[in-house]
Each structure stands twice: as C-alpha cells, then as structure tokens.
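Input: a single structure, listed below in structure tokens.
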C-alpha cells in the first residue's frame with residue numbers, strides 16, 4: 001500500500017464489453033482500497049495540457065492588483081481568482097500557501113438558474129488574456145467528458161443504470177481550477193502548507209500536476225505516502241459526495257500538498273460535480289439490513305455550500321450577511 005495503482009483506460013474508448021468490464025473492475029478495486037488512482041490512455045492531448053499550464057503560469061505571474069480584478073470573494077457563485085491564504089483546508093493550520101483560479105459551467109444572464117439566483121450558477125470571470133477564454137472553456141468541456149467516461153465505468157461495479165451519472169451531470173456544477181503553489185520558503189510560518197490535509201467535497205477529481213511533486217495521500221495504514229507526477233497521467237480521487245452515494249464503499253481519502261522547496265508548483269484539478277439540484281442519497285446496491293444508509297439525503301448544492309462555508313471565510317461572511 002505504498003504506491004497508487006495506474007489504470008490504462010484506453011479500452012473505455014472501444015465498444016468491447018469485456019474490456020469495459022475489466023477496466024471497471026480495476027477502477028472499482030482502486031476506489032475501495034484507495035480512493036485514489038492514476039489513469040493513462042485518456043484522450044486529453046499533451047499539447048492541450050501544456051497550453052493550459054502555460055496560460056496558468058502567465059496569469060499567476062501578473063501583479064496582484066491585476067488578478068484581483070476577478071477576485072473570487074466579490075462573487076456569489078465562486079468564480080475567479082483566489083489570493084494566497086484565501087482557502088484554509090485544514091482548520092488546524094494557517095490558510096493555504098497557494099493562489100487559485102476557478103471556473104465552472106458558463107451560464108448566461110438569461111439562464112433560468114441565474115435569473116432565480118441559484119447558488120454556484122453564473123458566468124465565468126476570465127482574465128483578459130489573448131486566447132485564454134476559448135482554451136479554458138474547451139478544456140472544461142473535455143475534462144467533463146473524461147470524468148463522465150470514468151463514471152460510466154463505475155456504474156458496472158455499482159450495479160446501477162449505465163446512464164445514471166450522465167443524467168445527473170446535465171449542466172453540472174463541476175469546477176476547473178488552476179493552482180499556483182509558491183516555494184515553501186515564502187510561507188508565513190513553518191505550519192503553513194501548500195494545501196492542508198483534507199478530503200475533496202464532490203464526486204470525483206481529475207488532477208494534472210507538474211513535475212515539482214508535493215502531493216501526499218493518507219493510506220489505510222495511516223501513513224502519508226507520496227503521489228509523484230507520472231508523465232501522461234491524471235491522478236483520480238473520490239470526494240465526499242461519492243462516499244455518501246456509495247455508503248462509504250468507495251473511499252474519500254485525505255490528502256495534502258507539501259510545497260516543494262525552491263520551486264513553484266502548478267496543478268490543475270477538475271472537480272466533477274452533478275447538477276446542483278441532484279439528490280445525493282445511498283445507492284440501492286450499497287445498503288442492506290446489515291449495512292443501512294449512513295448519511296441522510298442531501299443535494300449537490302446543499303452539500304457543496306456547507307463544505308465551502310467550512311473552508312472559506314468569505315463564504316461564511318456572505319451567508320451571515
């Protein structure tokens with residue numbers, strides 16, 4: 001239990017049911033044992049990832065005042081730039097040593113959810129960098145498609161309809177995030193980590209990380225192990241929403257980022273979340289008389305908002321106001 005499994009998902013892009021079942025079995029085992037695994041054989045080209053990464057580097061190198069033109073704390077739907085220490089994933093540690101950019105599904109002002117002022121629904125707030133918006137919007141859609149391919153494979157092991165997740169990920173609440181971790185020596189105190197120990201909030205996360213390293217995963221033996229960059233892969237992990245859906249059959253595993261010394265680290269997680277109104281309740285095949293449902297029903301939006309309030313001071317202030 002000292003290294004995460006690497007799964008080649010290329011067979012999921014064929015019509016071979018035997019191959020699909022084989023990959024589904026591998027994913028199922030990784031979800032139960034780890035809650036974390038790497039995928040290779042995915043359709044996201046290296047050139048795309050490099051282009052997104054280069055745009056992220058340029059954006060985070062801008063003066064702070066320029067980045068704050070799209071300050072995330074000035075919105076109600078959690079889009080834009082998050083300054084260093086805006087987020088505090090581990091409440092026992094100082095705010096995280098990282099800065100972020102968040103975007104979601106771009107909804108126009110006349111969309112019914114926007115008109116109704118539903119939470120987490122609205123337009124993206126992109127920086128005015130040439131080529132940025134078109135690239136990021138396309139990357140968001142392609143990462144969403146990749147996430148839903150993985151979710152379709154999970155349905156085989158979970159014993160639910162093949163389109164179970166597809167129907168619930170129409171107009172999703174998914175978030176594409178870019179993160180810059182400054183070198184460790186810039187920390188405000190020895191206790192400040194790049195990202196404090198936490199579990200992800202949602203369904204599944206697909207993470208690109210650059211060569212700097214620093215990601216650590218808490219294994220079943222209670223040890224922190226490194227999850228180093230593996231070229232051509234994404235790291236996949238499950239969040240608390242999937243743990244609730246599966247009655248903890250699938251693990252939402254704590255992880256953290258220790259900022260590497262002397263170098264900047266960049267990562268790009270994609271948090272795949274269903275439509276905000278989606279009911280999150282125990283799947284039929286994940287409960288029985290000996291294993292009743294552990295969690296009360298909730299919705300995607302209710303659950304995400306409760307977790308955001310725990311993590312972001314500005315969200316608590318907005319709700320209190």
Problem - Förster radius 35 Å - calculated FRET efficiency between residue 161 and residue 46 (Cβ-Cβ, nearest 0.05) - result: 0.55
Completion exercise
Quick note, region 192-321: a/c under 1.5 would make it rounded; otherwise a/b > b/c is prolate and the rest oblate (a ≥ b ≥ c, C-alpha gyration tensor); here it is oblate
Problem - Centroid-to-centroid separation of region 199-261 and region 22-81 [C-alpha atoms, Å] - result: 13
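Can you give the extra length, in nm with one decimal, that the chain gains between residue 85 and residue 32 once fully stretched, where that is 0.36 nm per residue apart less the Cα-Cα distance? Walk me through the intermediate numbers first.
Values: separation 53, 0.36 × 53 = 19.08 nm, distance 3.28 nm.
Separation in residues times 0.36 nm, less the Cα-Cα distance, equals 15.8 nm.
Which whole-number percent is the relative contact order of the chain (Cα, under 8 Å, 6+ apart)? Let's see the in-between values first.
Working: 631 pairs, mean separation 66.9, N = 321.
In percent, rounded to a whole number, it is 21.
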Practice task
Starting from the Cα of residue 288, step 7 Å along the direction of its Cβ; do the same at residue 10; then give the gap between the two resulting points in nm.
Solution key: 3.8
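Taking other Cβ within 10 Å of each residue's Cβ, how do 59, 234 sort, fewest first? Before the final figure, lay out each step's value.
Working: 59 20, 234 25.
By the 10 Å Cβ count, ascending, the order reads 59, 234.
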Handout entry: Volume in Å³ per residue [convex hull over Cα atoms, computed for region 1-58]
Key = 92
Handout entry: Pairwise centroid distance, computed over Cα atoms, of region 268-302 with region 137-168, Å
Key = 15
Exercise for the section: Classify the chain as rounded, prolate or oblate, taking a ≥ b ≥ c as the square roots of the eigenvalues of its Cα gyration tensor: rounded when a/c is under 1.5, otherwise prolate if a/b is larger than b/c and oblate if not. Expected result: rounded
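For region 1-145, rounded, prolate or oblate, judged on the Cα gyration tensor with a ≥ b ≥ c (square roots of eigenvalues), a/c < 1.5 rounded, else prolate if a/b > b/c?
Details: a/c = 1.83, a/b = 1.58, b/c = 1.16.
Here region 1-145 falls in the prolate category.
Coordinate-derived values only; no laboratory data. Given the structure is predicted, the values throughout are model-derived calculations rather than measurements. FYI the Cβ positions are ideal-geometry reconstructions off the backbone, even for glycines, and counts take in every protein chain you see.
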